[in-house]
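Engineer: One structure, as C-alpha cells, below. Some questions next.
Since every read-out is calculated from the coordinates, none of them should be taken as a lab result. Bear in mind that the values here come from a model prediction, so they are computed numbers and not experimental data. Cβ coordinates were reconstructed from backbone atoms using ideal geometry, including for glycine residues, and neighbour counts include every protein chain displayed.
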Amino acid sequence: MKSFLKIPLLLLFIFSFSCSETDDDCTPVNCTNGGSQTVDCQCDCLDGFSGFDCSVQLTPTTIKITKIVVKKFPDTDDGDFWDSLDLSDADIYIQVTEGLFNIIYDHPFYIPNASGLNVEYEFIPESPINLTSFLSIHYIDLWDYDTLSDDDAISTLSFIPYESSGGFPTTITRTNSDGTFECDIAFEYTW
C-alpha cells in the first residue's frame with residue numbers, strides 16, 4: 001500500500017515542476033510609440049517612452065539645438081536693398097533667445113549677400129545650443145550685419161522646444177506670423 005501512494009505523489013511532483021510558461025500563456029500587449037513586444041509579452045520602449053505599453057512620454061533631461069536652417073526671409077527691406085550703400089542683399093546671421101531678451105546663442109559669422117528667394121542657409125553652432133527651459137517660448141532673430149551702422153533686424157519667429165505629447169521630432173519647421181520668415185530647427189535629446 002505504501003508504494004501505491006508513492007506513485008501518485010511522484011507524478012504530482014514531476015508535473016508541478018516540469019511545466020513552464022509558454023509564450024501562449026501571456027496576454028499580448030499593443031506596444032505604442034515604436035515599442036516592440038518581447039518574448040515575455042512586455043514592451044521594449046524606445047528612448048523617451050516608458051510604461052507597460054510605452055505610452056508614457058518622458059521629459060528629456062537635456063534638449064540641444066544642433067542646426068538651424070533659414071529657408072525663407074524678406075528679400076528686400078520694404079523694396080529697398082538691405083545694404084543701401086553698396087546696393088546688395090543682406091549679410092545674415094541669427095540669434096536665439098530664451099524669452100524676449102535672454103540671448104542664448106549669437107552666431108559668430110554672417111553669410112554675405114544672402115538672397116531670401118529659394119535659397120537655404122545653414123547655421124551650425126560649434127557646439128550644440130543647450131536649452132535650459134524646455135516649455136518656455138524661444139525666438140530666432142534674423143539680422144543683417146552692417147559695418148558702418150547698427151545691424152538691421154530682418155525678422156523673428158517663435159518656437160517652444162518641447163511638448164509633452166507628440167514625441168521627439170529631430171527637426172521642426174517654424175514660420176513667423178506673416179509667413180515671411182521660415183526655419184528648420186534640428187534637436188538632440190537625452191533622457
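Engineer: Quote to one decimal, in nm, the extra length available between Ile104 and Thr190 on full extension: 0.36 nm per residue of separation minus the C-alpha distance between them.
Structural biologist: 29.0 nm
Engineer: Using a Förster distance of 35 angstrom, determine the FRET efficiency expected from the C-beta separation of Leu58 and Ser127, and round it to 0.05.
Structural biologist: 0.90
Engineer: While we're on this one: Enumerate by residue number the GluC sites (Glu not before Pro) in segment 96-187 meeting two conditions: DSSP loop (anything except H, G, I, E, B), and at most 15 other Cβ atoms within 10 Å of the site's Cβ.
Structural biologist: Answer in residue order: Glu120, Glu126, Glu163.
Engineer: Any idea what the dipole of the chain comes to, in debye rounded to 20, about its Cα centre with Lys/Arg Cβ at +1 and Asp/Glu Cβ at -1?
Structural biologist: 1920 debye
Engineer: Here is a follow-up. Return one number: the angle in degrees, 0 to 90 and rounded to the nearest 10, between the long axis of the Cα atoms of helix 2-18 and the longest principal axis of the Cα atoms of the chain.
Structural biologist: 10 degrees
Engineer: Among the aspartates and glutamates, select those whose C-alpha is under 17 Å from the C-alpha of Lys67, and discard any that sit fewer than 8 residues away in the same chain.
Structural biologist: List returned: Glu98, Asp106, Glu120, Glu122, Glu126, Asp141, Glu182, Asp184, Glu188.
Engineer: Residues with beta-carbon under 13 Å from that of Phe123, excluding Phe123: net charge, scoring Lys, Arg +1 and Asp, Glu -1?
Structural biologist: That works out to -4.
Engineer: Farthest toward the dipole's positive end in the chain, which of Gln57, Ile104, Phe73, given Cβ charges of +1 (Lys, Arg) and -1 (Asp, Glu) about the Cα centre?
Structural biologist: Final value for the positive-end residue is Gln57.
Engineer: Continuing with the same structure: What shape does segment 51-105 have by the C-alpha gyration tensor, where a ≥ b ≥ c are the square roots of the eigenvalues, rounded means a/c under 1.5, and otherwise prolate means a/b greater than b/c and oblate the rest?
Structural biologist: Here segment 51-105 falls in the prolate category.
Engineer: Only loop residues by DSSP count here, and only those with at most 12 other Cβ atoms within 10 Å; note down the chymotrypsin sites (Phe, Trp or Tyr not before Pro) in segment 114-165 that meet that.
Structural biologist: Hits after loop and neighbour filter: nothing returned.
Engineer: Further question: Only Cα pairs under 8 Å and at least 6 apart count here; give the relative contact order of segment 62-190 as a rounded whole percent.
Structural biologist: Result for segment 62-190 is 35 percent.
Engineer: Provide the descending list of Cα extents for the chain along its principal axes, expressed in whole angstroms.
Structural biologist: 116, 29, 26
Engineer: 222 nm [θ] for the chain, helices only, -39500 (n - 2.57) per DSSP H run of 4+, per residue, to 500?
Structural biologist: Counting only the DSSP helices, I get -3000 deg cm²/dmol.
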